[in-house]
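**Q** I'd like to ask some things about the structure below.
Derivation of every value follows stated rules applied to the coordinates shown; laboratory data play no part. Treat the numbers as computed from the prediction; the structure is a model and nothing was measured. Glycine gets a Cβ as well: all are built from the backbone with ideal geometry, and neighbour counts include every protein chain shown.
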Amino acid sequence: MASPTPLLKDELDIVIPTIRNLDFLEMWRPFFQPYHLIIVQDGDPSKTIKVPDGFDYELYNRNDINRILGPKANCISFKDSACRCFGYMVSKKKYIYTIDDDCFVATDPTGKQINALEQHIKNLLCPSTPFFFNTLYEPYREGADFVRGYPFSLREGVPTAVSHGLWLNIPDYDAPTQLVKPLERNTRYVDAILTIPKGTLFPMCGMNLAFDRELIGPAMYFGLMGDGQPIGRYDDMWAGWCIKVICDHLGLGVKTGLPYIYHSKASNPFVNLRKEYKGIFWQEDIIPFFQNIVLSKEATTVQKCYIELAKEVKAKLSKIDPYFDKLADAMVTWIESWDELNPAKPAAANGKA
């Protein structure tokens, strides 16, 4: 009997940033092999990255980024996993799943291997409920529904733009927490998915993340981090704050919870502290900035929203540090590059494409 076609087989790319051979893919083979991989090699472009046989992939290194983007390549971070967002830009698929190369297949409490990609796809294909919180969390799951008092006018939900997955074993902690709790491991599997309410920000982690590229892709810019920048390890969080403000403005949903992956390797807390040091102070101003931002009625597309955000960053955050001037310029460059590589589709004539 033929095995069923994997969900969204021809509509999803898996983006992986890496500096090493991708042996971790062997464990993911049953789940990832049917899909196309976009590998973004960070660091030394002369180093050869080995990919296990049997995977359909394209690999980009820094030389490729410079060749494809030309002078605009300076918006893509170097020596930082933020380089992954180049993969989002060059993809031609509707959906993206991104994962780090130190993440393995987790098991649920029954011992069954978790197909993280399949769960992310189910999350993305299912509506979100950002405007009214359902106390049973995800109302569309089997065995759940909307509770008494939930407005019927809101039960259709809105399109889901982002599915944010979690991690067993090594938690996604900042450096101070890593230093205080070096042996702490997350063993708690919570069988829940919920929509993050409108007006609520969250710390987005990029190591187990999926999104609808057509709905929110241009806002998934992981900022300027790493080599030559005064900050690192805030790339995914910066993108998370931006996408949440834009999703709230455009009426899109963000889910968090299942699926879990197994995060195998804790990064060095002392190295992390050096990267995060300024961000730990800056975030106390950055968060209120995002909490208070109001996008205009004219911001009707992700690109227009993002350009407005960039202008606000330049106007209001550059007083913290000149870095934010540079970041705001890079945000504009990112959108210009995105639009060059992803030209708008011509409008349908007479209602037909």
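**Q** Rank these for me by crowding, TYR189, TYR306, going from fewest to most other beta carbons within 10 Å.
**A** TYR189, TYR306
**Q** Only counting other Cβ atoms within 10 Å, I'd like THR110, THR135, THR160 sorted with the fewest neighbours first.
**A** Numbers: THR110 5, THR135 11, THR160 26.
Listed from fewest to most nearby Cβ atoms, that is THR110, THR135, THR160.
**Q** State the answer as a single residue: which of TYR35, PHE131, TYR57 lies farthest towards the positive end of the charge dipole of the chain, with beta carbon charges of +1 for Lys and Arg and -1 for Asp and Glu, about the Cα centre.
**A** After comparing all options, I get PHE131.
**Q** So if R0 is 22 Å, what FRET efficiency would ASP339 and ARG67 give, r being the distance between their Cβ atoms, rounded to the nearest 0.05?
**A** Calculated value: 0.75.
**Q** Label-point separation (nm) for ASP285 and LYS319, each offset 7 Å from Cα along Cα-to-Cβ?
**A** Rounded to a tenth, the inter-label distance reads 0.8 nm.
**Q** Cα centroid distance between the stretch 266-292 and the stretch 139-195, in Å?
**A** Comparing the Cα centres of the stretch 266-292 and the stretch 139-195, I get a distance of 22 Å.
**Q** Which net charge results for the neighbourhood of SER81, defined as the other residues with beta-carbon distances under 15 angstrom from its beta-carbon, given Lys and Arg at +1 and Asp and Glu at -1?
**A** -3
**Q** For the stretch 12-341, what is the Kirkwood hydrodynamic radius in Å, using each pair of distinct C-alpha atoms?
**A** For the stretch 12-341, the Kirkwood estimate is 20.4 Å.
**Q** Another one. From the Cα gyration tensor of the stretch 265-353, with a ≥ b ≥ c the square roots of its eigenvalues, which class applies: rounded if a/c is under 1.5, or else prolate if a/b is larger than b/c, or else oblate?
**A** Taking the square roots of the gyration eigenvalues as a ≥ b ≥ c, the stretch 265-353 is prolate.
**Q** Here is a follow-up. Rounded to whole Hz and in sequence order, give me ³J(HN,Hα) for the stretch 128-142 from the Karplus expression 6.51 cos²θ - 1.76 cosθ + 1.60, θ = phi - 60°, writing x for Gly and Pro.
**A** The phi angles translate into 10, 10, x, 8, 7, 7, 9, 6, 9, 6, 7, x, 8, 6, 4 Hz.
**Q** Note down the magnitude of the dipole of the chain about its Cα centre, charges +1 on Lys and Arg C-beta and -1 on Asp and Glu C-beta and zero elsewhere, to the nearest 20 debye.
**A** With only Lys, Arg, Asp and Glu charged at Cβ, the dipole is about 320 debye.
**Q** Zone of LEU59 (label point 7 Å along Cα→Cβ, backbone N under 11 Å): which residues in the stretch 22-43?
**A** Answer for the stretch 22-43: 22-23, 39-42.
**Q** Next up: What are the ³J(HN,Hα) values, in whole Hz, obtained from phi via the Karplus relation 6.51 cos²θ - 1.76 cosθ + 1.60 with θ = phi - 60°, for each residue of the stretch 155-163 in sequence order, with x given for Gly and Pro?
**A** Once θ is set to phi - 60°, the couplings for the stretch 155-163 become 6, 6, x, 10, x, 8, 9, 9, 10 Hz.
**Q** Another question, if that's okay. With a point put 7 Å past each Cα toward its Cβ, work out how far ASN292 is from ASP10 in nm, to one decimal.
**A** Inter-label distance under the simple model: 5.1 nm.
**Q** Using modelled amide H (1.01 Å from N, peptide plane; none on Pro or chain starts), what sits under 5 Å from the amide H of TYR57, excluding residues fewer than 5 places away?
**A** LEU37
**Q** Ordered by residue, what ³J(HN,Hα) values in Hz, to whole numbers, does the stretch 100-107 give under the Karplus form 6.51 cos²θ - 1.76 cosθ + 1.60, where θ = phi - 60° and Gly and Pro are x?
**A** Each residue's phi maps through the Karplus curve to give 7, 7, 10, 10, 10, 6, 8, 10 Hz.
**Q** At 222 nm, what value in deg cm²/dmol follows for the chain if DSSP H runs of at least 4 each add -39500 (n - 2.57) and the sum is divided by all its residues, to the nearest 500?
**A** -10000 deg cm²/dmol
**Q** A further question follows. Please report, to two decimal places, log10 I(q)/I(0) for the stretch 281-329 at q = 0.15, 0.24, 0.30 Å⁻¹ as given by the Debye formula with identical point scatterers on the Cα atoms and no solvent.
**A** -0.39, -0.89, -1.15
**Q** For an R0 of 30 angstrom, estimate the FRET efficiency from the Cβ-Cβ distance between ASN186 and ASP44 and round to the nearest 0.05.
**A** Efficiency computed from Cβ-Cβ geometry: 0.35.
**Q** Right, another one. In what sequence do HIS36, HIS249 fall when counting other Cβ within 10 Å, fewest first?
**A** If I rank by nearby Cβ atoms, fewest first, I get HIS36, HIS249.
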